[in-house]
Amino acid sequence: MSYTGTAHKVGEHIDTDAIIPARFLVTTDTKKLGENCMAGLEEGWVKRVKPGDVMVAGRNFGCGSSREHAPIAILGAGMPVVIAHSFARIFYRNAFNMGLLLLEVGDEVDKIADGDTVEVDAAKGLITNRTTGATITCPPLPASMRELLDKGGLVPYVKERLA
Amino acid sequence: MAHTLAQKILQAHTDEAITAAGQIVRCRVSLALANDITAPLAIKSFRAMGAKRVFDRDKVALVMDHFTPQKDIASAQQVKLSREFAREMGITHYYEGGDCGVEHALLPELGLVGPGDVVVGADSHTCTYGGLGAFATGFGSTDVAGAMALGETWFKVPPTIRATFTGTLPKWVGAKDLILRLIGEIGVDGALYRALEFDGAAIEALSVEGRMTIANMAIEAGGKAGLFAADAKTLAYTAARGRKDVALAADPGAAYERELVFDVSGMEPVVACPHLPENVKPVGEVKGVTLDQVVIGSCTNGRISDMREAAEVLRGRKVAKGVRCIVLPATPGVWKEALKEGLIETFMDSGCIVGPATCGPCLGGHMGILADGERAIATTNRNFRGRMGSLESEVYLASPAVAAASAVAGVIAHPGSL
């Protein structure tokens, strides 16, 4: 699990209504949801994103509604990882269930500015800011989260249990 | 180990011994819930999991409440898909149309949730049932699909923050004011990953409906659950709905991560200002702010006690010219009771719009959307930017009494000032 992309920085307490407003919740299609990713923050926000880019956020990212459409919209927009100061708990579960990698780094998130190129090595727990040379080490993923990601998300996990 | 309420309930649903917060345990669920927005995704995941049947057809609830009555073709398709799934699986508790209400008002009213239950719902306000002493928490759709298939799920045992409310509630101060005050104090991530446990004389004095109002907004402080002990009032409430429950309280000596005490005596009603539920101010500090819309309803404040509180203020008064006051009793049961008690007539005489039981405008779905530059006061739970419509609109959160008084004044107002 290694990614390199441009950082798109957003603020604190970004809620799921900002990530994907309720008016777009009439579909479960990944691509369609991705086209409106962050439309509740700014119309057309997603146009800046290239596949493989990285979302970087402040405190409590993903607070609010439990809509799983939020991590799907981020994945649909082409971003496989979100680095944040901290995450809201429902969003945290949802993201891993959907296969979106989250890295919680606390105040270290300030080492990344909008537009920086960042490299994420999830296995090593290492984030490198290629633009500035700064590095961030993240705490290891909880075992249960690692198991979910290893199996490819909750769907394959339950499938295995039911088989 | 002495258990907090959250730990005690989880312990009763797992075979593993709970010894510390932070432990990950697998728990049996009492009920798994989804709505018209989240059920279609849950069903998609359920199929992808290769599941053929739900773990118990009496322990899954599907409530088509968010865009009801179906607002457009796409939302109608989502309900159709959910309905067909419910039929195929033989799901007992499927609600749509005339028997549908806002899920977190409907399920307690039907006696489907109660003390000691573990409830997981694909809706963040599932925590409402903590008002009855249930460990209830919001999940995403796929998590709920897993619970629907297996009848169990995993939880990280949360640490608990205890919030004690002492003193006597002044006139016009109620449950909504208490939870807003708490969120204002600890912030929208103040209880992140944690359970909140409420107690104290002011809590004991609250009705069960008021306790559900408080539990409902635990998530607005980032909380995993908002819990109340099940006392004689709780047991009377659930017994009236056909349940046989037993009293439930935290163990004496349970360890709390943090203890907060609030004296409610002499408190003023409060409002949460745009654009976060933590921007809480006494109503006196924002009085006079002009309004275009008032919404009274939702899973936070759409129950019969809320309708009575709003009607008490509106009786014999008129909604100010230029203000739309939308009243949405949260369930058909609340609607009928409000009709019987003459509250609907009061609302109509005052010039309110009385609509069906729906989540509607709370999430900017339909039935009361805000235009650029418009401002609303609502008894709902979220005032995020754009939540009720345009990104350039504003929402203030308040109790039914303050919302009703503001409808009459045309500006944010204290009910005692009319």
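Throughout, read-outs are computed from the coordinates displayed, never taken from laboratory work. Keep in mind that what you see is a predicted model, and the values were worked out from it rather than measured. Glycine also receives a Cβ, built like all others from the backbone with ideal geometry; neighbour counts cover every protein chain displayed.
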Note to self: C-alpha centroids of region B:106-161 and region B:22-75 sit apart, in Å, by 12
In this structure, the FRET efficiency calculated for B:R47 and B:T290 from their beta-carbon separation, with R0 = 41 Å, to the nearest 0.05, is 0.25
Would you mind working out the magnitude of the charge dipole of region B:161-227 relative to its Cα centre, with +1 at each Lys and Arg C-beta and -1 at each Asp and Glu C-beta, to the nearest 20 Debye?
20
Roughly how big is region A:2-162's charge dipole about its Cα centre, with Cβ charges of +1 (Lys, Arg) and -1 (Asp, Glu), in debye to the nearest 20?
420
Restricting to region B:5-262, compute how many DSSP beta bridges are antiparallel as a %, nearest 5.
20
Sort out for me the Cα centre separation of region A:4-63 from region B:192-217, rounded to whole Å.
33
Residue by residue through A:91-104, how many Cβ atoms from other chains fall within 10 Å of the Cβ on average?
3
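Kirkwood Rh, Cα Rg: Rg to Rh for region B:289-343?
Values: Rg = 11.6 Å, Rh = 11.8 Å.
Computed over Cα atoms, the ratio is 0.98.
What do the square roots of 5 times the Cα gyration tensor eigenvalues come to for region B:5-262, in whole Å, largest first, as semi-axes of the equivalent ellipsoid?
Values: eigenvalues 182, 85, 55 Å².
Listed largest to smallest, the semi-axes of region B:5-262 are 30, 21, 17 Å.
Exposed loop GluC sites (Glu not before Pro) only (DSSP loop, at most 15 other Cβ atoms within 10 Å): please give the longest stretch of chain B free of them, not including the sites. Spell out each step's value before the answer.
On the way: sites that count: B:E16, B:E257, B:E341, B:E392.
For GluC sites (Glu not before Pro) (loop position, at most 15 other Cβ atoms within 10 Å), the longest site-free span of chain B is B:17-256.
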DSSP bridge orientation in chain A - percent antiparallel, rounded to nearest 5:
50
The Rg/Rh figure for region B:272-413, Cα atoms and Kirkwood Rh, to two decimals is 0.94
Report the net charge of residues surrounding B:R315, where surrounding means a beta-carbon distance below 12 angstrom and charges are Lys +1, Arg +1, Asp -1, Glu -1.
-2
Springs between alpha-carbon pairs under 10 angstrom, Gaussian network model over chain B: which of B:I369, B:I183, B:I296 fluctuates most?
B:I369
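For region B:291-379, which trypsin sites (Lys or Arg not before Pro) are both in a DSSP coil and crowded by at most 16 other Cβ atoms within 10 Å?
Numbers: sites: B:R303, B:R308, B:R315, B:R317, B:K318, B:K321, B:R324, B:K336, B:K340, B:R375; in loops: B:R303, B:R315, B:R317, B:K318, B:K321.
Here the trypsin sites (Lys or Arg not before Pro) that fit, given the DSSP loop and packing criteria, are B:R315, B:K318, B:K321.
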Report the calculated FRET efficiency for B:M348 and B:K233 (r = Cβ-Cβ distance, R0 = 25 Å), to the nearest 0.05.
0.20
In square nanometres, what is the average projected area of the Cα convex hull of region A:2-162?
8.8
Farthest toward positive dipole pole in region A:63-163 [+1 Lys/Arg, -1 Asp/Glu at C-beta], among A:N129, A:M79, A:N97:
A:N97
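What FRET efficiency comes out for the pair B:K281/B:V261, r = Cβ-Cβ distance, R0 = 25 Å, nearest 0.05? Don't skip to the answer; put the middle values down first.
Values: r = 21 Å, r/R0 = 0.85.
After rounding, the FRET efficiency stands at 0.75.
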Long-range lysine pairs (8 or more apart or interchain), region B:272-413, Cα under 24 Å:
4
Max mean-square fluctuation residue, GNM over chain B, Cα-Cα springs under 10 Å, options B:A272, B:A357, B:A254:
B:A254
Relative contact order in percent for region B:84-206 (Cα pairs under 8 Å, 6+ apart) equals 18
Would you mind telling me which residue in A:S86, A:S65, A:S144 has the biggest mean-square fluctuation in a Gaussian network model of chain A, where springs connect alpha carbons within a distance under 10 angstrom?
A:S144
Note, B:P159: beta-carbon cut-off 9 Å, +1 each Lys/Arg, -1 each Asp/Glu, net +1
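With +1 on each Lys and Arg Cβ and -1 on each Asp and Glu Cβ, and nothing else charged, work out how big the dipole of chain B is about its Cα centre, in Debye to the nearest 20.
Numbers: 41 positive and 46 negative charges, 112 e Å.
Here chain B has a charge dipole of around 540 debye.
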Net +/- balance of residues flanking B:A32 in space, Cβ distance below 12 Å, scoring K and R +1, D and E -1:
-3
From the square roots a ≥ b ≥ c of the eigenvalues of the alpha-carbon gyration tensor of region B:329-370, which class results: rounded (a/c under 1.5), prolate (a/b over b/c), or oblate?
oblate
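Under the Kirkwood approximation for Rh and a Cα-based Rg, what ratio Rg/Rh is obtained for the protein assembly as shown?
Details: Rg = 22.6 Å, Rh = 23.7 Å.
For the protein assembly as shown, the value is 0.95.
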With each run of n ≥ 4 DSSP H residues scored as -39500 (n - 2.57), what mean residue ellipticity at 222 nm is computed for the protein assembly as shown after dividing by its residue count and rounding to the nearest 500 deg cm²/dmol?
-8500 deg cm²/dmol
Which residue, B:P400, B:N381, B:A338, has the largest displacement toward the positive end of the dipole of region B:272-413 when charges sit on each Cβ (Lys, Arg +1; Asp, Glu -1)?
B:A338
Express in nm, to one decimal, how much length is gained between B:T168 and B:D99 on full extension, taking 0.36 nm for each residue of separation and deducting their alpha carbon distance.
21.1 nm
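Let me know the Kirkwood hydrodynamic radius for region B:136-185, please, with Cα pairs as the basis and the value in Å to one decimal. If you can, show how the numbers build up before the last one.
Working: mean 1/r = 0.0689 Å⁻¹.
With all distinct Cα pairs of region B:136-185 included, I get 14.5 Å.
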Report the Cα centroid-to-centroid distance between region B:83-97 and region B:403-418 in angstrom, as an integer.
42
Antiparallel bridge percentage (DSSP; both residues within the protein assembly as shown; nearest 5):
30
